């Protein structure tokens, strides 16, 4: 990797907000799985919920982001941030309902940890005048992965936990690489990167739960 500099403020804003989106989604997913799944089942079937969560809503959101990102107004930034926050709530309710009949018998990794770690470390490295891309990626990716594994060791490390950790880490790694590579100084909005982490994290979660989760 070449010693390319990075925009620490842009990375911090992108990944801290992404961590908030993932945390919000996890909270709503937990409430949906344990308290609201019976109610939601009366309104919408599992198949329709799956199509909405993994196809329709992501397509609509992606179109909405691309449309509003054309005009780079501060107002559009606020609209898109809150639209993504609303999406994370709805996705949490839907995915919690979809996966409510599947159980992983040990703790799952916290999806928000990796983007939060990246968002915190990036400005710290920058302030220490160590703002090279290779160093940022090395410290944030290895550091966040190590934190996940340490938590897993404390509460029970299983193969599904490790697999989800690898997925979450790779998603953030690829997104961070793309964000740095495409930030040529003219980039204003980074909502599409936030959306990408949220969406692919949900896909990874669904894959692992369907593959290794036992029916409740």
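Taken over the range 173-212, the criterion of being at pLDDT below 90 and in contact with a strand residue (DSSP E or B) (Cβ under 8 Å, 6 or more places away or on another chain) is satisfied by no residue.
Anything in the range 41-65 that is touching a residue at least 60 places away in the same chain (Cβ under 8 Å) and under 13 Å from residue 83 (Cα atoms)? List them, or say none.
Step one: of the range 41-65, the residues touching a residue at least 60 places away in the same chain (Cβ under 8 Å) are 53-54, 58, 61-62, 65.
Answer for the range 41-65, where residues must be touching a residue at least 60 places away in the same chain (Cβ under 8 Å) and under 13 Å from residue 83 (Cα atoms): 58, 61, 62, 65.
Restricting attention to the range 34-47, does a residue exist that is touching a helix residue (DSSP H, G or I) at 6+ places or on another chain (Cβ under 8 Å), within 30 Å of residue 102 (Cα to Cα), surrounded by fewer than 17 Cβ atoms within 10 Å (Cβ to Cβ) and modelled with pLDDT of 95 or more? No.
Restricting attention to the range 193-212, the residues being buried (at least 18 other Cβ atoms within 10 Å of the Cβ) and more than 8 Å from the chain's Cα centre (by Cα) number 6.
Does at least one position in the range 144-161 carry a residue that is under 29 Å from residue 78 (Cα atoms), in contact (Cβ under 8 Å) with a residue 24 or more places away in the chain and either in contact with a helix residue (DSSP H, G or I) (Cβ under 7 Å, 6 or more places away or on another chain) or buried (at least 16 other Cβ atoms within 10 Å of the Cβ) (or both)?
So the first thing to find is which residues in the range 144-161 are under 29 Å from residue 78 (Cα atoms), and the list is 144.
Right, trim to in contact (Cβ under 8 Å) with a residue 24 or more places away in the chain and you get 144.
Subset that is either in contact with a helix residue (DSSP H, G or I) (Cβ under 7 Å, 6 or more places away or on another chain) or buried (at least 16 other Cβ atoms within 10 Å of the Cβ) (or both): 144.
Scanning the range 144-161 turns up at least one residue that is under 29 Å from residue 78 (Cα atoms), in contact (Cβ under 8 Å) with a residue 24 or more places away in the chain and either in contact with a helix residue (DSSP H, G or I) (Cβ under 7 Å, 6 or more places away or on another chain) or buried (at least 16 other Cβ atoms within 10 Å of the Cβ) (or both).
Looking at this structure, is residue 138 without any contact (Cβ under 8 Å) to a residue 60 or more places away in the chain, assigned to a helix (DSSP H, G or I), out of contact with any helix residue (DSSP H, G or I) (no Cβ under 7 Å at 6 or more places or on another chain) and within 28 Å of residue 211 (Cβ to Cβ)? Walk me through how you get there before you give the answer.
Numbers: without any contact (Cβ under 8 Å) to a residue 60 or more places away in the chain: yes; assigned to a helix (DSSP H, G or I): yes; out of contact with any helix residue (DSSP H, G or I) (no Cβ under 7 Å at 6 or more places or on another chain): yes; within 28 Å of residue 211 (Cβ to Cβ): no.
No; evaluated as a whole, the condition is false for this residue.
Being modelled with pLDDT under 95, under 15 Å from the mean Cα position of the chain (by Cα) and either on the phi < 0 side of the Ramachandran plot or buried (at least 16 other Cβ atoms within 10 Å of the Cβ) (or both) is a description that applies to residue 109. Applying the set (1) out of contact with any helix residue (DSSP H, G or I) (no Cβ under 6 Å at 6 or more places or on another chain); (2) part of a helix (DSSP H, G or I); (3) farther than 21 Å from residue 24 by Cβ to residue 120 leaves exactly one unmet item: (3). Taking each residue of the range 190-216 that is under 15 Å from residue 162 (Cβ atoms) and looking for partners that are assigned to a helix (DSSP H, G or I) with beta-carbon atoms closer than 6 Å, six or more apart or interchain, yields 204/167; 208/160; 208/163; 208/164; 212/160.
Tallying residues that are more than 18 Å from residue 18 (Cα to Cα), part of a helix (DSSP H, G or I) and either in contact with a strand residue (DSSP E or B) (Cβ under 8 Å, 6 or more places away or on another chain) or free of Cβ contacts under 8 Å to residues at least 40 places away in the same chain (or both) within the range 69-102 yields 2.
State the number of residues belonging to the range 1-28 that are more than 30 Å from residue 132 (Cβ to Cβ) and either surrounded by fewer than 18 Cβ atoms within 10 Å (Cβ to Cβ) or at pLDDT below 95 (or both). Looking only at that region, the number is 1.
The values are calculated or read from the model by the stated rules, or taken from the named source; none is laboratory data. Everything numeric here is computed off the predicted structure, so don't read it as measured data. We place every Cβ from the backbone using ideal geometry, glycine too, and count neighbours over all the protein chains shown.
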